[in-house]
Every structure is written in C-alpha cells, then in structure tokens.
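Each value in this text was obtained by applying a stated rule to the coordinates, not by laboratory testing. This structure is a prediction, so every number in the text was calculated from the model and none was measured. All Cβ positions, glycine included, derive from the backbone under ideal geometry; neighbour counts span all protein chains shown.
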Amino acid sequence: MEIVKTKIPGLLIIKPDVFEDDRGYFFESYNRDKFVDAEIDNIFIQDNESKSQKGVLRGLHFQNPPYDQGKLVRVMKGAVIDVALDIRKNSPTYGQWDSIELSESNKMMYWIPPGMAHGFVTLEDETVFFYKCTNLYNKASEGSIRWNDPDLNIDWGISEPIISEKDKIAPFFKDFKSRFEF
C-alpha cells in the first residue's frame with residue numbers, strides 16, 4: 001500500500017497493492033497499522049454507500065464539530081472525480097481544493113480528514129461510491145458549500161450536472177463561517 005501526500009495537509013491518496021490473475025483480483029482496502037503509520041489514527045464507525053447515474057454531482061458536504069467526519073472514500077463500480085475543499089481556519093491551504101479520479105479500475109482511495117468539504121461527480125452510469133466515516137451522521141450538523149462557486153473555480157469536468165435541490169441553494173464560500181480548526 002502506497003500513501004501519497006497531496007498539496008493539502010492531511011489529505012491523502014491511498015494506492016493499494018492489487019494482486020490480479022485470471023480469477024480476478026484481491027487487495028487490502030484497510031489495514032489499521034498501515035493507516036496509523038501514515039498518521040490516520042482514526043476509528044471508523046459508519047459506512048455509507050451510494051449509487052448514481054452518470055453526471056450526478058453530490059457535494060460539497062461536511063458536518064460541523066462536534067460531529068465532524070473524516071472519510072475514507074473509494075469507488076467500487078464506475079468512476080468519479082472526487083473533490084476535497086479545505087475549510088479549516090488557519091490552515092495554510094484554507095479555501096483550496098484538490099481532486100482525483102477514483103475508479104473501479106484504479107482502485108485508489110482518498111483519505112479526507114475532518115475539516116474538509118467533500119463532493120464527487122460520477123463519470124459512468126451505475127457508479128457505486130463507498131465511504132467509511134469517523135463519526136455518525138448528524139442532520140443538525142450538516143453543512144454545504146455551493147458546488148459551482150465562482151471564487152473556488154472547481155474543475156468538475158462537467159457544466160450541467162444532476163444535483164439535488166439542497167445543493168442548488170448551498171451557500172457560497174465567501175458567506176461561509178468555518179467552525180473547524182487546523
């Protein structure tokens with residue numbers, strides 16, 4: 001398993017060692033000792049899965065403290081562009097985003113630490129997205145930032161995604177007051 005740092009502190013790409021043969025493949029998607037060595041010393045307490053058609057955009061979502069969540073995300077079927085936005089006050093990369101293509105073929109994962117807004121857009125029909133969370137979902141703590149905020153200028157690779165009503169009216173980043181510390 002290779003763990004790669006990104007430009008945003010704490011945001012990591014995880015490349016598992018994949019063993020393939022004519023029967024299929026095998027890989028280790030989580031190993032606590034290896035994650036602790038990479039300074040991901042979190043306990044996962046909730047798993048989530050979504051299935052979406054091509055062109056669905058979900059995000060940018062987060063949960064405020066004390067219900068903030070770290071997420072280990074991956075694609076089990078299909079492909080996505082996955083985006084993480086740093087919303088931690090005093091972070092050297094506050095307001096910056098990074099993205100990666102996650103797919104069933106590359107089998108990579110993204111560790112998104114607490115204090116990040118997260119979203120993804122699906123690149124294929126029937127995409128199955130899976131994430132492990134470090135905290136339980138709490139509706140009263142959920143927040144979001146507008147996916148197409150012109151100040152953030154996130155390159156989703158799509159101009160007219162399918163989005164929820166909630167995501168259409170999410171606040172802009174300039175109106176956001178972070179409750180996250182770095």
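Could you size up the charge dipole of segment 2-181 around its Cα centre, putting +1 on the beta carbon of Lys and Arg and -1 on that of Asp and Glu, and report it in debye to the nearest 20? Display every interim value, and only then the final one.
Values: 23 positive and 30 negative charges, 134 e Å.
In total the dipole reaches around 640 debye.
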Q. Beyond 31 Å, what percent of the Cα pairs of the chain remain?
A. 12 percent
(Q) Using a 7 Å offset from the Cα along the Cα-to-Cβ direction at both GLU49 and PHE27, what is the distance between the two label points in nm, to one decimal? (A) 1.8 nm
Q. What is the order of TRP111, TRP156, fewest Cβ neighbours within 10 Å to most?
A. TRP156, TRP111
Q: List the residues whose amide H sits under 5 Å from the amide H of TRP147, counting only those 5 or more places along or on another chain, with H placed 1.01 Å from N in the peptide plane.
A: LEU60
